[in-house]
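Before any comments, here is the structure.
Each value in this text was obtained by applying a stated rule to the coordinates, not by laboratory testing. Since this is a predicted model, take the numbers as computed values, not measurements. Counting neighbours? That spans all protein chains shown, and the Cβs are built from the backbone with ideal geometry, glycine included.
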Amino acid sequence: MHYTAIVVVGARPNFMKAAPIFTQCKKFHEVTPILVHTGQHYDKELSRVFFDDLKLPKPNFYLGVGSGTHSEQSGQIMIEFEKILGKLDPDIVVVVGDVNSTLACALATAKYRCGKHKYSPVIAHVEAGLRSNDWHMPEEVNRRLTDVLADLLFTTELSGQENLIKEGITSDKIYHVGNVMIDSLLSYKKQAEKSRILEQLKLKKIEYAVLTMHRPENVDVKETMAGFLAAFEKISKSIKIVFPVHPRTKKMFDQHGLKTDFLRVTPPLGYLDFLKLLVNANFVLTDSGGIQEETTVLNIPCLTLRENTERPVTVDKGTNIIVGKDPDSIVEQVGKILSGERKHGQMPEFWDGKAAQRICKIAFNYLKVQN
Ligand code: UD1
């Protein structure tokens with residue numbers, strides 16, 4: 001038997017998750033891996049630079065969907081992805097993470113196979129079961145619905161398994177395999193040392209903090225963002241804050257006329273430059289999901305600027321503290337870190353660089369048993 005496996009990417013956090021899976025797929029002679037990029041992210045800094053850094057091949061199909069409201073974007077991805085399904089009739093579709101492209105492609109696949117004589121393509125969701133229990137986050141909607149549709153659910157941490165079982169998903173579909181994002185981190189850490197980003201930004205190890213913020217609930221409301229900026233301005237009197245700014249956040253700063261001159265604002269960085277920046281940082285302030293995991297592995301203190309996390313293992317075992325949105329609490333927690341009160345982490349189970357290997361082995365065995 002020969003199998004066609006589609007791996008979907010769409011937005012920045014997908015690339016470092018899909019890259020190790022795509023590389024592993026290529027090692028199976030009986031599999032033709034096909035890379036589909038929805039075009040949800042299209043700027044060079046949010047997309048192409050990651051293909052170069054992570055040695056991802058040019059996508060076999062680029063859907064060119066671009067920005068829009070959530071429904072416009074998701075709907076457009078479904079329309080375009082359905083055409084690829086019709087053309088290739090793949091055996092398996094692998095979606096990663098929780099962005100709009102993840103759910104849209106999973107849903108298009110579930111619709112495509114309706115009424116077919118066999119239950120194909122198989123839907124595999126990598127990074128299944130994470131839950132913030134906050135339905136106002138678009139990512140929570142995406143992950144919950146993708147998990148309902150998936151046949152193979154690959155979890156990064158044990159909370160994922162527990163959540164899925166609680167929601168009635170049967171244990172035979174769930175595989176605890178570890179974290180593909182950490183596969184990429186471990187395989188590129190050495191190469192990232194060569195990045196010249198610290199010299200370019202005139203920074204020295206430990207003498208700066210890294211800030212990232214892009215979540216709509218944080219950056220879209222002027223008053224919320226102003227509160228954060230007040231906290232960052234106080235912190236910047238003790239340590240430099242480097243802020244690679246997401247286009248969405250930049251747009252909001254410009255629109256609201258918010259002052260950021262106490263931050264070292266840079267354009268979005270590529271994978272290797274950002275990794276180098278993280279590795280050498282004193283601590284990190286972020287509302288990203290993936291960075292909570294990366295800082296745990298790198299043993300760098302992470303203050304998460306949200307009220308919850310879907311990645312509790314980074315708090316229970318790792319270096320993450322959920323600090324919320326209150327400016328005084330943020331300043332207080334930073335004070336503790338700067339005075340030496342630093343959380344040290346342990347490595348969660350299977351965050352060992354081999355998650356993609358496990359995923360491919362399980363997925364292709366599953367296909368063989370089915371056929
Ligand atoms: C998306 C993901 C989020 C992820 C984030 C990482 C969803 C619902 N959200 O959020 O989970 O953490 O990516 O970056 O899928 N834009 C550009 N250039 C681009 C892409 C977007 O300027 O290449 C701007 C556009 O103004 C666009 C806005 O960013 O409207 C938002 O882009 P979108 O893809 O809708 O969501 P993100 O905020 O990037």
### Message
Kirkwood hydrodynamic radius, the stretch 167-323, all distinct C-alpha pairs: what's the number in Å?
### Response
16.7 Å
### Summary
About its Cα centre, the chain carries a charge dipole, from +1 on Lys and Arg Cβ atoms and -1 on Asp and Glu Cβ atoms, whose size in debye to the nearest 20 is 1020 debye
#### Entry: Under Karplus coefficients 6.51, -1.76 and 1.60, residue-wise ³J(HN,Hα) of the stretch 231-248 in Hz, glycine/proline x
5, 5, 5, 5, 5, 5, 6, 9, 8, 5, 10, 9, 10, x, 9, 5, x, 4
### Query
Which entries in the list K58/K250; K26/K55; K240/K336 go over 20 Å, if you measure between the two C-alpha atoms of each?
K58/K250
### Query
Which aspartates and glutamates have a Cα lying under 19 Å from the Cα of K205, excluding residues fewer than 8 positions away in the same chain?
E193, D273, E294, E341
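Which chymotrypsin sites (Phe, Trp or Tyr not before Pro) from the stretch 105-144 combine a DSSP loop assignment with at most 11 other Cβ atoms within 10 Å?
Listed in order of number, the matching sites are Y119, W135.
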### Query
How large is ³J(HN,Hα) for each residue in the stretch 118-127, as worked out from phi by the Karplus curve 6.51 cos²θ - 1.76 cosθ + 1.60 (θ = phi - 60°), to whole Hz, x for Gly and Pro?
10, 7, 8, x, 6, 9, 10, 10, 9, 5
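Expressed as a rounded percentage, what relative contact order does the chain have, with Cα pairs under 8 Å and six or more residues apart?
Here the relative contact order equals 16 percent.
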### Task
Taking H placed 1.01 Å from N in the peptide plane, check which residues at least 5 places from I34 or on another chain put their amide H under 5 Å from its amide H.
A5, I6, V7
### Query
Between the DSSP loop rule and a limit of at most 15 other Cβ atoms within 10 Å, which chymotrypsin sites (Phe, Trp or Tyr not before Pro) in the stretch 337-371 are left?
none
### Query
Pairs K173/K343; K190/K317; K190/K343: which exceed 28 Å Cα-Cα?
K173/K343
### Message
If each DSSP helix of 4+ residues adds -39,500 (n - 2.57) and the sum is divided by the residues in the chain, what number results at 222 nm, nearest 500 deg cm²/dmol?
### Response
-13500 deg cm²/dmol
## Note on the structure
At the level of C-alpha centres, the distance separating the stretch 331-371 and the stretch 31-109, in angstrom, is 24 Å
### Pairwise label distance in nanometres, K368 with A230, each label 7 Å out on the Cα-Cβ vector
6.2 nm
### Task
Calculate one ³J(HN,Hα) per residue across the stretch 22-39 by plugging θ = phi - 60° into the Karplus curve 6.51 cos²θ - 1.76 cosθ + 1.60, and present them in order as whole Hz with x for glycine and proline.
4, 4, 5, 4, 5, 7, 9, 4, 7, 10, 9, x, 10, 9, 10, 10, 6, x
### Query
Expressed as a fraction of 2.2 N^0.38 Å, the rule-of-thumb size for a compact globular protein of N residues, what is the C-alpha radius of gyration of the stretch 36-81?
1.19
### Message
Step by step: find N for the stretch 116-204, compute 2.2 N^0.38 Å, then divide the Cα radius of gyration by it. What's the final number?
### Response
1.49
### Query
Expressed as a whole percent, how much of the Cα-Cα distance distribution for the stretch 244-371 exceeds 18 Å?
64 percent
### Task
Just the Kirkwood number for the chain, please: inverse of mean 1/r across all distinct Cα pairs, in Å, one decimal.
21.0 Å
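Subtracting the Cα-Cα distance from 0.36 nm times the residue separation, let me have the gained length for H70 to E341 in nm, one decimal.
Residue separation times 0.36 nm, minus the Cα-Cα distance, leaves 93.5 nm.
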### Summary
With the dipole of the stretch 82-209 defined by +1 on each Lys or Arg Cβ and -1 on each Asp or Glu Cβ, the option from V99, L186, S132 whose Cα lies farthest towards the positive pole is L186
#### Entry: Loop-resident sites, the stretch 26-73, for trypsin sites (Lys or Arg not before Pro), counting at most 14 other Cβ within 10 Å (DSSP)
K26, K27, K55
